[in-house]
């Protein structure tokens, strides 16, 4: 049977704006009560393989014009390969680095002539910080590497890991199929296979969890706080710790309420909501406490907050202070006191 | 003017795939219009090309003469209509219809004509909706397994069935789509291909039963002598017998209806020199030849009409009718039991 003789599916589905072809095939399968992986594999050449979607087959089973389909789903268009993109990027990088080295050389030359940092910055249209860098070393520091989550298999790695855990002999094709059918995901087979191969070969090492929310840079935070505590007054340390506590709270609330969580069951969502609510409950007074006119009373207010906090909230506060390295003993030693009596400065 | 030969090829293709949704839709939407006969003088003055075109048009017309409204056909349509209305709000134990009778007695014609009627009624009740599939028509393949029957359902709907698909997935897809598309009549032809005495036959019967539970539709079965084939014996059979209305089809007795049938068919003929009432006069002869089988009668008259056009005599005579049988006896499946009966 040739491809154009494939009968159209009984239920028709319109491609929607901004949709990928893979997602469209999923919707098509859902409308026709077929397994997504089954329909997806039906659309490849040879049939039932794991290749890419064939435009002619998709056009036949949807009863739509191929050109109209390509217009609606641009990723169906045959890939156009632009040769030498990597080489170009590399050349650009080399050129940029060369320029920066030249700039540093000129700045250093001018500095040797006795120009001030400010004058150098003005002359070369750079920040004084850059001038400082140029004076420190003639080799420019490397550019900061962009920390970016890989979008391939985003949110699916945990599921793949769980499947591998449950059955180490599971095939990549089965995992691909289950991701399509059970998790409503549209990963490509090569991506799944590559990830699984990597996982299998690096099994003994500690697994790299990529999907977690970016870890809070505790080290830098605590260093900062400690520096404050050693060099500055207890009041400044307290203010710094409070500010950091707020920052942590916001990050955690953002994490808890983000929609990227894999576990979207009702209980899990409710649980996360409760947690976020508790954190917000603890911290909602803190911004007010840092008000310039009220800062003087910060110690008193914090004591009050601590005393009236629930056990759960206290645990949270203590662990976060530990995290940022704040010496909280002056508060936590109050713990044995009953939380019920109101603070003396309560209006 | 449309090129008649190309037109003929297209429609023939559609006829062959009655058990696919596209073919079925073409069948239900097509209406045969009789070509007008040319005046005698114009006909005789036609050149070769013109005559070929004219003949081709009429040949095509005679190969697909409209079904004749026999009493059986009317009975099936009324009963089927009543059952579909009764089943419209039935939650379970829907009633069905079985057509049973010897080969060539118009079972398939009756069942497809009912399907066509139902489709037209449904389209009239829901104007503008093109994605409804009111009728599902499948034939039971010989030596059928449950998977094959489920695949037949899927094939009609246009759902892809590959070797990887398991029966559960196919049934799920068929039921899901059928419910979404509001299937209300399921016509299962060649039901005699399943023998309940064999294991596969019993399994297929269970599969059909399952479909009838899942689909809110009226089921129509048609098959050759199903009561003799054991469809009603045993436990499964008794349930079928309890839920299905049986309409027997058979040969027509030599009565007034037979004569009026022939008159109806004769009126649809488009032959240049045919004298009206010739066939009606041959009613006794035709009844003897066809043993009252409507399928054989249709074949005989249509065959003779085609011969009349091809040979250029342009009229059906007893002699021509005699010749048809001899020439087509070996090929025409529908008339084979008839020839044996005649001896």
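The values are calculated or read from the model by the stated rules, or taken from the named source; none is laboratory data. Values in this document were obtained by computation on a predicted structure and should not be read as measured data. Cβ: placed from backbone, ideal geometry, glycine included. Neighbour counts: every protein chain shown.
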Just need a number here: residues in segment B:174-192 that are crowded, with 20+ Cβ neighbours inside 10 Å, farther than 16 Å from residue B:20 by Cβ and out of contact with any strand residue (DSSP E or B) (no Cβ under 6 Å at 6 or more places or on another chain). 1
Given the conditions (1) outside any helix (DSSP H, G or I); (2) within 13 Å of chain B (Cβ to nearest Cβ); (3) free of Cβ contacts under 8 Å to residues at least 40 places away in the same chain, which single one is not true for residue A:50? (3)
Identify all residues within segment B:110-132 that are surrounded by 13 or more Cβ atoms within 10 Å (Cβ to Cβ), in a helix (DSSP H, G or I) and free of Cβ contacts under 8 Å to residues at least 60 places away in the same chain; write none if there are none. B:113, B:117, B:121, B:123
Go through segment B:111-137 residue by residue and tally those that are touching a strand residue (DSSP E or B) at 6+ places or on another chain (Cβ under 6 Å) and within 14 Å of chain A (Cβ to nearest Cβ). 3
Going residue by residue through segment B:182-200, is there one that turns out to be farther than 30 Å from residue A:173 by Cβ, without any contact (Cβ under 8 Å) to a residue 12 or more places away in the chain and either away from every other protein chain (no Cβ under 14 Å) or not in a loop (DSSP other than H, G, I, E, B) (or both)? yes
Can you tell me which residue among B:184, B:233 is modelled with pLDDT of 90 or more and more than 16 Å from residue B:101 (Cα to Cα)? B:184
Got a sec? Which of B:74, B:42, B:58, B:82 is outside any loop (DSSP other than H, G, I, E, B), exposed (fewer than 14 other Cβ atoms within 10 Å of the Cβ) and under 23 Å from the mean Cα position of the chain (by Cα)? B:74
Assess whether residue A:84 counts as being surrounded by 12 or more Cβ atoms within 10 Å (Cβ to Cβ) and away from every other protein chain (no Cβ under 14 Å). no
Condition (residue is part of a helix (DSSP H, G or I) and within 30 Å of residue B:306 (Cα to Cα)) applied to segment B:99-108: is it met by at least one residue? yes
Residues of segment A:304-331 being over 31 Å from the mean Cα position of the chain (by Cα), part of a helix (DSSP H, G or I) and over 15 Å from residue A:234 (Cβ atoms), which ones? A:304, A:305, A:306, A:307, A:308, A:311
Flagged pairs (Cβ under 6 angstrom, 6 or more apart or on separate chains; first in segment A:24-41, more than 11 Å from every other protein chain (Cβ to nearest Cβ) and touching a residue at least 12 places away in the same chain (Cβ under 8 Å); second buried (at least 22 other Cβ atoms within 10 Å of the Cβ) and in a loop (DSSP other than H, G, I, E, B)) are A:24/A:73
For segment B:304-318: of the residues being within 25 Å of the chain's Cα centre (by Cα) and more than 14 Å from residue B:61 (Cβ to Cβ), which is surrounded by the most Cβ atoms within 10 Å (Cβ to Cβ)? B:304
Look at residue A:78 and say whether it is farther than 17 Å from residue B:165 by Cα, touching a helix residue (DSSP H, G or I) at 6+ places or on another chain (Cβ under 9 Å), surrounded by fewer than 20 Cβ atoms within 10 Å (Cβ to Cβ) and at pLDDT below 90. yes
Does residue B:151 count as assigned to a helix (DSSP H, G or I), more than 21 Å from the chain's Cα centre (by Cα), on the phi < 0 side of the Ramachandran plot and free of Cβ contacts under 8 Å to residues at least 24 places away in the same chain? yes
Single residue of A:15, A:8 found to be in contact (Cβ under 8 Å) with a residue 12 or more places away in the chain, away from chain B (no Cβ under 14 Å), over 29 Å from the mean Cα position of the chain (by Cα) and not in a helix (DSSP H, G or I): A:15
Would you mind finding the one in A:2, A:44 that is more than 13 Å from chain B (Cβ to nearest Cβ), over 32 Å from the mean Cα position of the chain (by Cα) and either surrounded by fewer than 22 Cβ atoms within 10 Å (Cβ to Cβ) or at pLDDT 90 or above (or both)? A:2
Keeping to segment B:274-290, report how many residues are under 23 Å from residue B:33 (Cβ atoms) and surrounded by fewer than 12 Cβ atoms within 10 Å (Cβ to Cβ). 1
Where in segment A:64-149 are the helices (runs of 4 or more DSSP H), entirely inside, with at least 1 residues that are under 30 Å from residue A:5 (Cα atoms)? A:66-72
Residue check, residue B:169 modelled with pLDDT of 90 or more, surrounded by fewer than 22 Cβ atoms within 10 Å (Cβ to Cβ) and farther than 24 Å from residue B:83 by Cα: yes
Failed condition for residue A:21, given (1) surrounded by 15 or more Cβ atoms within 10 Å (Cβ to Cβ); (2) touching a residue at least 40 places away in the same chain (Cβ under 8 Å); (3) within 12 Å of chain B (Cβ to nearest Cβ): (3)
Restricting attention to segment B:156-173, which residues are outside any loop (DSSP other than H, G, I, E, B) and within 8 Å of chain A (Cβ to nearest Cβ)? B:157, B:169, B:172, B:173
Is it true that residue B:207 is surrounded by 18 or more Cβ atoms within 10 Å (Cβ to Cβ) and in contact (Cβ under 8 Å) with a residue 12 or more places away in the chain? yes
